[in-house]
Amino acid sequence: MSTKKITLINASPHKEGNCAFMLKYASNKLNLLGFETEIIFLQDALFDAKHPFCISCSSPCNQNCYKGTKLEDILLKIENSDGVIFASPVYFGTMSAQAKCLFDKTRAFRAKNAYTGKVACAFASGHSLFGGQEATIKAIHDCLLTDGFTIIGSSSKEYGAGSFGVSSYNNAKEDKNALSKIDLICHRFYEELM
């Protein structure tokens, strides 16, 4: 049996912020459960594309703006992964521009059902305890559903029902509730994929 792979997408403009910490924490837990993981800093790939955001230059999408770039590599890595974790900070009550740009660039992959049935979840980090994290997770869920992903939250067959995903507030390293939710989501990935 081949090793299952989880790709973790940091859609923050900060390479070493709260989203990065949560993804590293999840990556370590997933590795202990037998998964292969890769953390990707999305902003670098967006800057490598001809246009970081979709300008709808063709319909259907011909991938002209990102063919042969780091962004294409990420979209293919997502396609070839067994699961994906998307992490975004809260920006004006929703996901970061980086996260939205990525989802807008998935049109060609959506057209070929590349992500349909792939297991995914969302992490969000805000400045305060009630800083828009659930709205951000819901916005990511909307994009995941549009692309055909199968969404999981912090529930599991063993531990019972949970919540939308992982919500942390500044500072994620000290947010025990968020860390416990990451533990549950990692366990859920194990239940779903191993």
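List of remarks:
- First in the stretch 173-194 and modelled with pLDDT of 95 or more, second anywhere and assigned to a helix (DSSP H, G or I) and surrounded by fewer than 17 Cβ atoms within 10 Å (Cβ to Cβ), Cβ under 9 Å, 6 or more apart: LEU179/LYS173; CYS186/LEU32
- Some residue of the stretch 62-69 being at negative phi, in a strand (DSSP E or B) and among the hydroxyl-bearing types (Ser, Thr, Tyr): no
- Residue check, PHE103 open to solvent by 50 Å² or more (accessible area, probe 1.4 Å) and aromatic (Phe, Trp, Tyr): no
- Helices (runs of 4 or more DSSP H) contained in the stretch 104-194 and holding at least 1 residues in contact with a Pro (Cβ under 7 Å, 6 or more places away or on another chain) and within 24 Å of ASN80 (Cα to Cα): 107-111
- Selected residue (criterion: farthest from ASN10 (Cα to Cα)) from residues of the stretch 82-103 that are in a loop (DSSP other than H, G, I, E, B) and in contact with a strand residue (DSSP E or B) (Cβ under 7 Å, 6 or more places away or on another chain): ASP82
- Answer residue from the stretch 137-194, given it is in contact with a Phe, Trp or Tyr (Cβ under 8 Å, 6 or more places away or on another chain) and of a type in the set (Lys, Arg) and is most open to solvent (accessible area, probe 1.4 Å) among those: LYS173
- Scanning the stretch 46-64 for residues that are touching a residue at least 24 places away in the same chain (Cβ under 8 Å) and open to solvent by less than 50 Å² (accessible area, probe 1.4 Å) returns LEU46, ALA49, PRO52, CYS54, CYS61, GLN63.
- Positions within the stretch 106-136 being open to solvent by less than 20 Å² (accessible area, probe 1.4 Å), under 21 Å from SER168 (Cα atoms) and either basic (Lys, Arg) or without any contact (Cβ under 8 Å) to a residue 40 or more places away in the chain (or both), in sequence order: ALA120
- Residue within the stretch 22-45 that is open to solvent by 20 Å² or more (accessible area, probe 1.4 Å), outside any helix (DSSP H, G or I) and farther than 22 Å from CYS186 by Cβ present: no
The values are calculated or read from the model by the stated rules, or taken from the named source; none is laboratory data. Bear in mind that the values here come from a model prediction, so they are computed numbers and not experimental data. Positions of Cβ are backbone-derived with ideal geometry, glycine not excepted, and every protein chain shown enters the neighbour counts. Ligands, DNA and RNA are stripped out before the accessible areas are found, and what is left, the full protein with its side chains, is counted by its heavy atoms. Shrake-Rupley method; radii C 1.70, N 1.55, O 1.52, S 1.80 Å.
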